[in-house]
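**Student:** Take this structure, written in structure tokens, and hold onto it; I'll ask about it next.
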Amino acid sequence: MQRNRLLTYSALGTLALAIALPAHAQLEDEIFVTATKRTQSAADIPIAVSALGEDTLEELRVDVFTDYLVQLPGVTSGGAGPGNNTIYIRGLASTTPATSIAGVAGLAPNVAFYLDEQPLVQPGRNLDVYAADLERVEVLSGPQGTLFGASSQAGTVRMITNKPRIGVEEAGFTLGTSYTKGGDASFKGEAVYNVPVGDDLALRAVIYADRQGGWTDAVAGTLNMRASARYRSANATRDNGTLVGARAGFDAGADTSALNAIDAIAIEEKNQNDAQYFGFRVSALKEINENWSLQVGYAHQELETDGI
């Protein structure tokens, strides 16, 4: 198994029929966060919060789980690939990385993961949400995240999506392709549409698909072996108790012709660790008055992965 260099090419297209940036976005280099359940400037709140804004996410070509985590200080992840990762902040962990665990088994993570206000914590893992049409990613290092409840001992990671914009009609799309030397090609696409409905209602939709080509090979004929040994002095004695059962082992020179050798022929495949993301989100925002608004939304994502 080997990892090779990645060459990336992308194309971006946008169509904006009207542009009306929110007031906080007009302040250059200022990011507003809601880590305290209130909208405040990241520079003014009295707790440690890291944030990646929308412009930074686009410049870094952030798409998937590990893309944005590696950009945040003190934050790492480990696991068995897409959909089976766990977030660690300041090295605190309750699970073992690189271990695949069933969705109903395993310890609860020490880091809470949110999409807007919806918790996405699963036993033994954090869900791998595709980073499409995001306003920002926030990280609140623990143990400050008491406002977010369970699994926030080490901290909280929040993905904040772009909200519908009232009075603005805009659309955009992104297309990209990449190639890994010695692996498969990758393709991705994303489209966003925001439409106003009257003076106090807006709808927003985003759809995305991303096929990430594999780069590892399952090779037939690989031999796996395991051995163990134990030494005990000849003049030592030990009480082994009463024998209640026995299983024959292999002696030197034993006949092994009846045994079946197992290799990787059944799973032989080139570039077998590919992943495919597909999903969409729709949301609506209704302004009731100056102090009240109502937002509803629906999100759907599918993730299909191959490999061992």
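The values are calculated or read from the model by the stated rules, or taken from the named source; none is laboratory data. Quick caveat, the model's predicted, so the values are computed rather than measured. When we count neighbours, we look across all protein chains shown, and the Cβ atoms used for this are built from the backbone with ideal geometry, even at glycine.
**Student:** Scan region 137-146 and tell me whether some residue there is acidic (Asp, Glu), out of contact with any helix residue (DSSP H, G or I) (no Cβ under 7 Å at 6 or more places or on another chain), in the same structural domain as residue 272 (by TED's automatic domain parsing) and modelled with pLDDT under 90.
**Tutor:** Of all residues in region 137-146, those acidic (Asp, Glu) come to 138.
Within this subset, residues satisfying the condition of being out of contact with any helix residue (DSSP H, G or I) (no Cβ under 7 Å at 6 or more places or on another chain) are 138.
Then keep just the ones that are in the same structural domain as residue 272 (by TED's automatic domain parsing); that gives none.
Checked region 137-146: no residue is acidic (Asp, Glu), out of contact with any helix residue (DSSP H, G or I) (no Cβ under 7 Å at 6 or more places or on another chain), in the same structural domain as residue 272 (by TED's automatic domain parsing) and modelled with pLDDT under 90.
**Student:** Separate question: Can you find a residue in region 164-171 that is of a type outside the set (D, E, K, R), at pLDDT 90 or above, under 20 Å from the mean Cα position of the chain (by Cα) and outside the structural domain of residue 59 (by TED's automatic domain parsing)?
**Tutor:** Restricting attention to region 164-171, the residues satisfying the condition of being of a type outside the set (D, E, K, R) are 164, 166-168, 171.
If we keep only those that are at pLDDT 90 or above as well, we get 164, 166-168, 171.
Next, from what is left, pick out any that are under 20 Å from the mean Cα position of the chain (by Cα): none.
No: region 164-171 contains no residue that is of a type outside the set (D, E, K, R), at pLDDT 90 or above, under 20 Å from the mean Cα position of the chain (by Cα) and outside the structural domain of residue 59 (by TED's automatic domain parsing).
**Student:** From the list 216, 237, 242, which residue is surrounded by 10 or more Cβ atoms within 10 Å (Cβ to Cβ), in a loop (DSSP other than H, G, I, E, B) and either among the β-branched types (Val, Ile, Thr) or modelled with pLDDT of 95 or more (or both)?
**Tutor:** Details: 237 fails: surrounded by 10 or more Cβ atoms within 10 Å (Cβ to Cβ); 242 fails: surrounded by 10 or more Cβ atoms within 10 Å (Cβ to Cβ).
It is 216.
**Student:** Out of the residues in region 58-80 that are within 15 Å of the chain's Cα centre (by Cα) and part of a helix (DSSP H, G or I), state the one that is surrounded by the most Cβ atoms within 10 Å (Cβ to Cβ).
**Tutor:** Only one residue tops the list, namely 65.
**Student:** Across region 147-163, what is the total count of residues that are at pLDDT below 85 and surrounded by fewer than 19 Cβ atoms within 10 Å (Cβ to Cβ)?
**Tutor:** Qualifying residue count, region 147-163: 4.
**Student:** Go through the residues of region 251-265 one by one and say whether even a single one is surrounded by 14 or more Cβ atoms within 10 Å (Cβ to Cβ), touching an Asp or Glu at 6+ places or on another chain (Cβ under 8 Å) and modelled with pLDDT under 80. Even if it seems obvious, please write down each step before you answer.
**Tutor:** Just the residues of region 251-265 that are surrounded by 14 or more Cβ atoms within 10 Å (Cβ to Cβ), to begin with: 264.
Now restrict to residues that are touching an Asp or Glu at 6+ places or on another chain (Cβ under 8 Å): none.
Within region 251-265, none of the residues are surrounded by 14 or more Cβ atoms within 10 Å (Cβ to Cβ), touching an Asp or Glu at 6+ places or on another chain (Cβ under 8 Å) and modelled with pLDDT under 80.
**Student:** Moving on to the next point. I'm checking my understanding of the structure. Among residues of region 103-120 that are crowded, with 18+ Cβ neighbours inside 10 Å and within 17 Å of residue 158 (Cα to Cα), which one is modelled with the lowest pLDDT? Break it down into steps so the answer makes sense when it comes.
**Tutor:** To start, the set of residues in region 103-120 that are crowded, with 18+ Cβ neighbours inside 10 Å comprises 106, 109-115.
Filter once more, keeping what is within 17 Å of residue 158 (Cα to Cα): 109-115.
Details: 109: 74, 110: 79, 111: 82, 112: 83, 113: 85, 114: 87, 115: 89.
Ranking the candidates gives 109 first.
**Student:** Report the residue count in region 132-164 for those that are closer than 18 Å to residue 72 by Cβ, free of Cβ contacts under 8 Å to residues at least 40 places away in the same chain and not in a loop (DSSP other than H, G, I, E, B).
**Tutor:** Going through region 132-164 one residue at a time, the tally reaches 1.
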